[in-house]
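A short worksheet on the structure shown next.
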Amino acid sequence: MTLDDLLRRAAGLARPGRRAVLGITGSPGAGKTTLAERLVAELNGEGPPWVAHVPMDGFHLADAELDRLGRRDRKGAPDTFDPAGYAALLRRLREESGDIVYAPGFERTLEQPLAGVIPVPPTARLIVTEGNYLLLGTGAWARVRAELDEVWFCAPDERDRVGRLVARHEEFGKPHDAAVAWALGTDQRNADLVAATRALADLVVPGTALPAPAGPVR
């Protein structure tokens, strides 16, 4: 399996008269965002954009709400997102064709979601979305899978995944010891939960097929 194989498969999901939505999942630090961004860039090329990237991370609950719920210390766990809102956006993206749809994003420096920062143009025929819990079958997360044509699972070498995850935490402000503690604590609990969904994926993408990141893997 190569990146070219993935590009051909992603492009083949688009059909005349309807949008397709490709989901990319995997544990924290697996390279989901890197793969999604590469697919979108390569498929769009120099022409009019027909592929759009809409990450799941825009549906993080804000810190103020996490504080109210007492979940701030578990930020990134399934119950610190708005899965029903995410599923509703995916459905709208599948159905909408005449207007720009604005999706939320996530600012890593602030560690906060930002509303309406990702414009999805009417020309988009393929939506690439990525996040940890696309295959989770509990609660409102179960609605997400129904809106996805395919889900790919990123499966890099585990040592590489953890090392790059620590580097990402350091890049965005955590001291080394705190970055390691978070990666091996909160992140690892989430990673174990995500890993249990691997068998549900339509395609498992090995580390050898994942594009090298320009910076820390996301």
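For Ala155, the residues whose modelled amide H falls within less than 5 Å of its own, excluding neighbours fewer than 5 places apart on the same chain, are Val205, Gly207. Got the relative contact order for the range 39-88 handy, in percent, Cα pairs under 8 Å and 6 or more residues apart? 32 percent.
Using only alpha carbon positions, build the gyration tensor of the range 3-206, then give the equivalent ellipsoid semi-axes as the square roots of 5 times its eigenvalues, largest first, whole angstrom.
So the equivalent ellipsoid measures 27, 19, 16 Å along its semi-axes.
Test of the criteria: in the range 82-133, which trypsin sites (Lys or Arg not before Pro) are in a DSSP loop and have at most 15 other Cβ atoms within 10 angstrom of their Cβ?
Arg108
Dipole size of the range 3-206 about its Cα centre, with +1 on Lys/Arg Cβ and -1 on Asp/Glu Cβ: approximately 460 debye, rounded to the nearest 20. Treating r as the C-beta distance of Asp202 and Ala181 and R0 as 30 Å, the FRET efficiency rounds to 0.30. In this structure, the amide hydrogen of Phe81, modeled 1.01 Å from its nitrogen in the peptide plane, lies closer than 5 angstrom to those of Leu61, counting only residues at least 5 positions away or on a different chain.
Mean-square fluctuations from a GNM of the chain, with a 10 angstrom spring cutoff on Cα atoms, peak among Gly76, Gly17, Gly139 at Gly17. For the chain, the relative contact order works out to 34 percent when only alpha carbon pairs closer than 8 Å and six or more residues apart are counted. GNM on the chain, alpha-carbon springs under 10 angstrom: the most fluctuating residue among Pro113, Pro16, Pro78 is Pro16. Toward the positive end of the charge dipole of the range 26-132, with +1 on the Cβ of Lys and Arg and -1 on the Cβ of Asp and Glu, the farthest Cα among Gly116, Val51, Thr80 is that of Thr80. Sequentially through the range 184-189, phi angles give Karplus couplings (6.51, -1.76, 1.60; θ = phi - 60°) of 8, x, 4, 4, 5, 4 Hz, Gly and Pro residues having no value and appearing as x. Please build a GNM for the chain, connecting alpha carbons under 10 Å apart, and tell me which residue among Gly58, Gly29, Gly47 fluctuates the most. Residue with maximal mean-square fluctuation among Gly58, Gly29, Gly47: Gly47. Placing unit charges on the Cβ atoms of the charged side chains and taking the dipole of the range 3-206 about its Cα centre, the candidate lying farthest along the positive direction among Val144, Leu66, Phe172 is Val144.
Below 8 Å between Cα atoms, with a sequence gap of 6+, how large is the relative contact order for the range 1-122 in percent? Relative contact order here is 23 percent.
No lab work stands behind these numbers, since they all come straight from the coordinates. Just so you know, these numbers come straight off a predicted model, no measurement behind them. As a convention, Cβ positions derive from the backbone with ideal geometry for all residues, glycine included, and neighbour counts pool all protein chains shown.
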